[in-house]
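K.L.:
Quick one: this structure, given as structure tokens, is what I'll be asking you about.
Every number here is computed from the coordinates shown, using simple stated rules; none is lab data. Being a predicted model, the structure only gives us computed values, none of them experimental. No Cβ is skipped: glycine too gets one built from the backbone with ideal geometry, and neighbour counts run over all protein chains shown.
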């Protein structure tokens, strides 16, 4: 991360999130850092074809938005399956909705979740 006196922050999401599974803005950042916030969290994720989360997960209080940058990505919810296959395809789900996912091809996903709460994302 780079910054200036005016607190303009710039950097590289891939590099900055590498140690946190792609998450680079949120409650888990040092509070002295301008990327620290409890209002939202942001993740830049690069997945190889076949990567997946087979265990169901749910956020108790946060809403989640995932946007496909490139590739093909499938999310499974209790009542439906959504395939993101075109640049800009997205899916948004509310708190309490369980999901799993699989990268059907090499892909990049941008995920925003709000609010950013410690321990909110749990296995179901």
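K.L.:
Report for the chain the percent antiparallel among DSSP-assigned beta bridges with both residues inside it, nearest 5.
P.N.:
95 percent
K.L.:
Using a Förster distance of 25 Å, how high is the FRET efficiency between residue 94 and residue 52, based on the Cβ-Cβ distance and rounded to 0.05?
P.N.:
FRET efficiency, residue 94 to residue 52: 0.65.
K.L.:
While we're looking at this one, here's another question. Which FRET efficiency value, to the nearest 0.05, is calculated for residue 79 and residue 19 with the Förster distance at 41 angstrom and r the Cβ-Cβ distance?
P.N.:
Efficiency, rounded to the nearest 0.05: 0.70.
K.L.:
In addition: Find how much the distance from residue 40 to residue 106 grows on full extension, using 0.36 nm per residue of separation minus their present alpha carbon separation; answer in nm with one decimal.
P.N.:
Gain on stretching residue 40 to residue 106: 21.1 nm.
K.L.:
Any idea what the alpha-carbon Rg over 2.2 N^0.38 Å comes to for the chain?
P.N.:
1.08
K.L.:
What residue among 103, 62, 34 shows peak mean-square fluctuation when the chain is described by a Gaussian network model with Cα springs under 10 Å?
P.N.:
Per the Cα network of the chain with a 10 Å cutoff, 34 tops the list.
K.L.:
On to the next question. Need one number: nm distance between label points at residue 69 and residue 122, each 7 Å from Cα along Cα→Cβ, rounded to one decimal.
P.N.:
3.2 nm
K.L.:
Return 64, 100, 54 ranked ascending by Cβ neighbour count within 10 Å, so the fewest neighbours appear first.
P.N.:
Final ranking by Cβ density, sparse to dense: 54, 100, 64.
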